[in-house]
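First the structure, in the form of structure tokens, and then the observations on it.
The values are calculated or read from the model by the stated rules, or taken from the named source; none is laboratory data. The structure displayed is predicted, hence computed values, not measured ones. Here Cβ is always computed from backbone atoms with ideal geometry, including for glycine, and neighbour counts include all displayed protein chains.
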Amino acid sequence: MDTDRNIQNKINATINSVEAIETVRVSPFFKDKTMQRLFAEKEVKQSVWSWFTPKLQLATLVCLVVLNIFAFSTMNKSTYNENVNQFAETYGLSIDTETSLLN
């Protein structure tokens, strides 16, 4: 029976606590100030990459792909021996097979 009385006392204390609630005094412009702060337009920061738009990104990607295809196709056309001979001629490392009359 003691638990019933304790529970009833707690229920009464909870109900009586409602009587202690008082009205809140608020500034008349509180709602307006709060709404202005909530919905104020935030200052948009300009990023460094803002000029690099998706159209420009796509154009850059297409240029890089075309350049890579061109480089790959020219690389496949030349052979290793041609590149070595050209390198040797450029730096004077090639052996002349022609015989001269003055030697």
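Of all residues in region 52-71, one or more are closer than 30 Å to Ser94 by Cβ and either surrounded by 10 or more Cβ atoms within 10 Å (Cβ to Cβ) or modelled with pLDDT of 85 or more (or both). The selection criterion, being surrounded by 10 or more Cβ atoms within 10 Å (Cβ to Cβ) and polar (S, T, N, Q), does not hold for Asn16.
The C-beta contact set for region 44-72 (first residue among the acidic types (Asp, Glu), second residue part of a helix (DSSP H, G or I), distance under 7 angstrom, 6+ apart or interchain) is empty.
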